[in-house]
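Down below is the structure, laid out as structure tokens.
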Amino acid sequence: MNPPHSPGASSPGPPHRHKGTSKPLAVPLGKVAVAIVDGDEIFRLFVQEILDQSREFRCVGSYSSGEEALIAIPQSGAQVVLMDVKLPGMSGIECTRRLKALMPHLILVMVTGLHDLWAIDLARECGADGFLPKPFTAEELLATLSSSIPRLKLETAEPPPSGKGTSHPGLRGRSLTAREIQMLEYMAEGLLYKEIADRTGVSESAVHHMQSHIFKKLGATNKIEAIRKWKEAGRGSP
């Protein structure tokens, strides 16, 4: 069913189409354009209905895979993307990393499992702006999206976290998160990217990205050097 048009409108234009399209969809003035990336069609329809009935948001695209989203979202006019972490094919984390590289100002809100801390840390490293654990209500969805858009971010900005990491000499003044320490432990065991990915439920590329981030923190150029510096720093935990 197409949305009703205001009386007296000069040209109502085409109805909204939520499937991927090369043409940006018109968004009512004052509404934030949101795209959805999730492998579950029923879930996407559920979110679309909430967005299109809200006063603040409008769905401009619905995509079942990261590959499809990467092609369509840059042309969709989306300002915010609701991205599931676990997608068929390319992971939501990898899709987030690539979208952020293409569109640095795009707001990415990740849909995650309630206790999926590893995925949350990886997504944050890849540029995610917010997180929404499943299952959630319509009110929780709208509140999370509202708190993630830039104009509300400035009003609700929180100070940088303190005391949540482990600072040691050799970390260049930066701290290691619990997930980064877990990654170092896996590296010290000699696990391969695929083995770490299998244990943590993320893609190999996401593991590689996080490892590169750890190298930067430690000032290391390879696994052996990173593990050595980590051990010299005390192998602490947050």
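The values are calculated or read from the model by the stated rules, or taken from the named source; none is laboratory data. Because the structure is a prediction, the values reported are computed rather than measured. Counting neighbours? That spans all protein chains shown, and the Cβs are built from the backbone with ideal geometry, glycine included.
Among the helices (runs of 4 or more DSSP H) confined to the stretch 35-151, the ones with at least 3 residues that are within 12 Å of the chain's Cα centre (by Cα) are located at 92-102, 117-125.
For Gly66, the test of being in contact with a Cys (Cβ under 6 Å, 6 or more places away or on another chain), at pLDDT 90 or above and surrounded by 20 or more Cβ atoms within 10 Å (Cβ to Cβ) is passed. Among residues of the stretch 89-115 that are assigned by TED's automatic domain parsing to the domain that holds Ala206, none has a Cβ under 6 angstrom from a residue that is assigned to a loop (DSSP other than H, G, I, E, B) and surrounded by 22 or more Cβ atoms within 10 Å (Cβ to Cβ) at a sequence gap of 6+ or on a separate chain.
Can you pull out every residue in the stretch 171-198 that is surrounded by 15 or more Cβ atoms within 10 Å (Cβ to Cβ), in a loop (DSSP other than H, G, I, E, B) and either modelled with pLDDT of 75 or more or on the phi > 0 side of the Ramachandran plot (or both)? Correct list: Thr177, Leu191. Go through the stretch 182-195 and give me each residue that's more than 15 Å from Gly219 (Cα to Cα) and touching a residue at least 12 places away in the same chain (Cβ under 8 Å). Within the stretch 182-195, Gln182, Met183, Tyr186, Met187, Ala188, Tyr193 meet the criteria. Checking each residue in the stretch 214-228 for being surrounded by 17 or more Cβ atoms within 10 Å (Cβ to Cβ) and in contact (Cβ under 8 Å) with a residue 24 or more places away in the chain picks out Ile214, Lys217, Leu218, Ala226, Ile227.
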